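The structure appears right after this line, and notes come after that.
What follows is calculated from the coordinates using simple rules that are stated; it is not laboratory data. Everything quoted here is computed from the prediction, not taken from an experiment. A quick note on method: Cβ atoms are made from the backbone with ideal geometry, for glycine too, and the neighbour counts reach across all protein chains shown.
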Amino acid sequence: MAHQPDYRGRFAPSPTGPLHMGSLLAALASYLDARSVAGTWLLRIEDIDPPREVPGAADSMLRSLEAHGLLWDESVLFQSTRLKEYSATLADLDAVDRVFACCCTRATLGPSGSCMGRCRPRPDEATSLRIKLDGDTGFDDQILGPQQPPNAQSDLVLRRKDRLYAYALAVVVDDAWQGINYVVRGSDLLSQTFAQLEIFTHLGFQLPKYAHLPLVRDSKGVKLSKQTGARAIHDASAVDNLRDALRLLQQKSANMPAGSAIELLSLATEQWLPEALADHPEKSLVYP
Ligand code: GLU
């Protein structure tokens, strides 16, 4: 595999619970993709939604990543320290006439989730700030191939009525600021990517390349996530967890002899073949 020292990738979990197999998969695939070309791999904790966060979850994620040998470069970026930058970027987007205030509720938004600037907030009313999207940005996913934006794209919230900054804004600001040029993450975020690419473009930032991983589902077909009560992985079983994740990622290294997480990761890095996932006939992976 050719060295690509300019490669900068990241894992960017929200601290809403401990690591589970779905999040381990995203961490591992983004790590292997970066390390296989001698690139940089960063860790960013997306802690900008306190009502959804679980006390201690960020620490537990950091410890689990370390126990699995997934050691990041540079210092961890906590998004809660970046609120001034989000505010400044919102002003930049406003300056190019891309932001509007919206007082819609879920009921008034309609099926597409779009306000399109139709509501008329009273001066004293709490509003969210939304982005006007052109909805014409496709991209070539490194795993899924060419992707076209959906016909009706909702105009995403950038700052909520409770004045918390939204994921869509913070993720772009920080991917740009950290110089991330490769994003490997779960397909649950695929539909967000079109809007993120537009925001990058309106701000004049370089566009990263994206690879979206198939989702991990349980045997009943339910997506593994903190919301659906996915089981936390145990740090004491790090090697077995990594093997399970490599198996889900269709990697031959899953069955190679290795005595420690570090040893297995080093084999997996040497053998990393993301194409194996692209060839995977199913759109989701089943675990356990
Ligand atoms: N923080 C997001 C999550 O935990 C992921 C962000 C991303 O990878 O773009 O779902």
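Quick notes on this structure:
- Working note: Cα atoms of segment 25-149, range along each principal axis, descending, whole Å: 53, 39, 29.
- Under-5 Å amide H pairs with Gly186, H placed in peptide plane, nonlocal only: Leu213
- Gyration tensor verdict on segment 214-288 (Cα atoms; rounded if a/c is under 1.5, prolate if a/b is larger than b/c, oblate otherwise): oblate
- Panel order for Lys84, Lys161, by other beta carbons found within 10 Å of each beta carbon, from fewest to most: Lys84, Lys161.
- Highest-first arrangement of 256-269, 12-25, where packing means the average Cβ count within 10 Å: 12-25, 256-269
- Taking amide H atoms as placed 1.01 Å from N in the peptide plane, the amide H of Val286 lies under 5 Å from those of Arg217, each 5 or more residues away in sequence or on another chain.
- For the chain, adding -39500 (n - 2.57) for each run of n ≥ 4 DSSP H residues and dividing by the number of residues yields -9500 deg cm²/dmol at 222 nm.
- Linear extension gain, Leu71 paired with Ala232, 0.36 nm per residue minus alpha-carbon span: 56.0 nm
- The chain - share of DSSP beta bridges that are antiparallel (%, nearest 5): 45
- Rounded, prolate or oblate (a/c below 1.5 giving rounded, otherwise prolate when a/b exceeds b/c) for the chain by Cα gyration tensor: prolate
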